[in-house]
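Before any comments, here is the structure.
The values are calculated or read from the model by the stated rules, or taken from the named source; none is laboratory data. Note that the coordinates shown come from a computational prediction; the quantities given were computed from them, not determined experimentally. All Cβ positions, glycine included, derive from the backbone under ideal geometry; neighbour counts span all protein chains shown. Side chains are part of the model used for accessible areas, which takes the heavy atoms of the whole protein and leaves out ligands, DNA and RNA. Shrake-Rupley method; radii C 1.70, N 1.55, O 1.52, S 1.80 Å.
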Amino acid sequence: MAQESPKNSAAEIPVTSNGQLEDSHEHSFNRDLKCSLPVGLGLSETKITSHGFDSTKEGVVEAGPFPGSSASPKSSVISPSSAAASRLAGQGGRAQQKSGPVLLADEVKNPAMEKLELVRKWSLNTYKCTRQIISEKLGRGSRTVDLELEAQIDILRDNKKKYENILKLAQTLSTQLFQMVHTQRQLGDAFADLSLKSLELHEEFGYNADTQKLLAKNGETLLGAINFFIASVNTLVNKTIEDTLLTVKQYESARIEYDAYRTDLEELNLGPRDANTLPKIEQSQQLFQVHKEKYDKMRNDVSIKLKFLEENKVKVLHNQLVLFHNAIAAYFAGNQKQLEQTLKQFHIKLKTPGADAPSWLEEQ
């Protein structure tokens, strides 16, 4: 019995691959542990339980009875070395760090849910507006009408159609005048060629050539005035008036939404008032107020745009109508100076024939 204890102690000495003792922290801890055990108790017969580093009991060693000994079992509390304690604390901290729950500061919003909510709101708004439009066409629903503003919008739309007709006729006149000027220019060149080749009719061909060239020149001047008139009226009709009508469309859409939510609120107010309907009435009241403010804003915007459009329209059409009248009158009266003076008055520059053509250097 006395010889087994040295064997157990010698058998547990760690040996490296070179046969040398390993002076690690674990070896120091085991050596301290062996020295503190009573004689006759082997290290292999002990059980070490290690609790967390934040526990009150550390390094408790429970010793069982030694085989063949009649002595009662003994237990001792052993404090491990500082190196072993630090290792145990580090392992416990890493275990807690790995096993601990991960908490996020802010929850990430789901974009799919946001899109679904937007689609739901859009569908509900579309349904209410469609129902309002159908009820108005069937004569069952009421609509908000601003008599003065509606009258101005109707006049604007009617004037737009008339201005488009004038624009179309002016473009036709420009096309026909361009063809006539082109024909006169070709006829003048033909007369000039015959004047050089026919000596007996040299003067007659020469007179006609000069007349056709003069008419073609005056026609080009008139064509410049008409094209300037067309460009100004086109800007007025297809940009200025169209921009105002776009605002009118937005105003009409806001009016339909306003009437749709107004009708919805009126229907809820006519029904019973209880715990289930009061939140719906309050929400409907808020939506009605939002669309009412939008409707009032759009109505104000349309009124302002109609006012500025009327002022701009009068100014533009006054100048363009004076230009068109003076140019036509001077051309058919044969007053070349008056025709040129009209173009100078409105700062119209005519394009020189062949000015846009590239030079022979650029062609090379």
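So the values come out like this:
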{"item": "Residue among Glu242, Glu220 that alone is within 18 Å of Leu167 (Cβ to Cβ) and acidic (Asp, Glu)", "result": "Glu242"}
{"item": "Top-ranked residue of the stretch 246-273 - restricted to ones that are among the hydrophobic types (A, V, I, L, M, F, W, C) and closer than 10 Å to Lys128 by Cα, ranked as most open to solvent (accessible area, probe 1.4 Å)", "result": "Ile256"}
{"item": "Any chance Lys217 is open to solvent by 70 Å² or more (accessible area, probe 1.4 Å), assigned to a helix (DSSP H, G or I) and touching a helix residue (DSSP H, G or I) at 6+ places or on another chain (Cβ under 6 Å)", "result": "no"}
{"item": "Residue under evaluation Ile328, criteria (1) open to solvent by 30 Å² or more (accessible area, probe 1.4 Å); (2) within 30 Å of Tyr127 (Cα to Cα), criterion not met", "result": "(2)"}
{"item": "Per-region count, the stretch 174-214, residues farther than 18 Å from Leu350 by Cα and assigned to a helix (DSSP H, G or I)", "result": "26"}
{"item": "Any pair with Cβ under 9 angstrom, 6 or more apart, that starts in the stretch 153-169 at a residue that is within 19 Å of Lys305 (Cα to Cα) and ends at one that is open to solvent by 40 Å² or more (accessible area, probe 1.4 Å)", "result": "Ile153/Glu252; Leu156/Glu310; Lys160/Glu242"}
{"item": "Condition check for Ala231: among the small types (Gly, Ala, Ser), surrounded by fewer than 16 Cβ atoms within 10 Å (Cβ to Cβ) and under 30 Å from Thr342 (Cβ atoms)", "result": "yes"}
{"item": "Counted residues, the stretch 128-154 - those being of a type in the set (A, V, I, L, M), assigned to a helix (DSSP H, G or I) and either modelled with pLDDT under 80 or surrounded by fewer than 12 Cβ atoms within 10 Å (Cβ to Cβ) (or both)", "result": "3"}
{"item": "Residue in the stretch 183-191 that is more than 19 Å from Asn319 (Cβ to Cβ), touching a His at 6+ places or on another chain (Cβ under 9 Å) and in contact (Cβ under 8 Å) with a residue 24 or more places away in the chain present", "result": "no"}
{"item": "Some residue of the stretch 340-351 being within 29 Å of Gln250 (Cβ to Cβ) and not aliphatic (A, V, I, L, M)", "result": "no"}
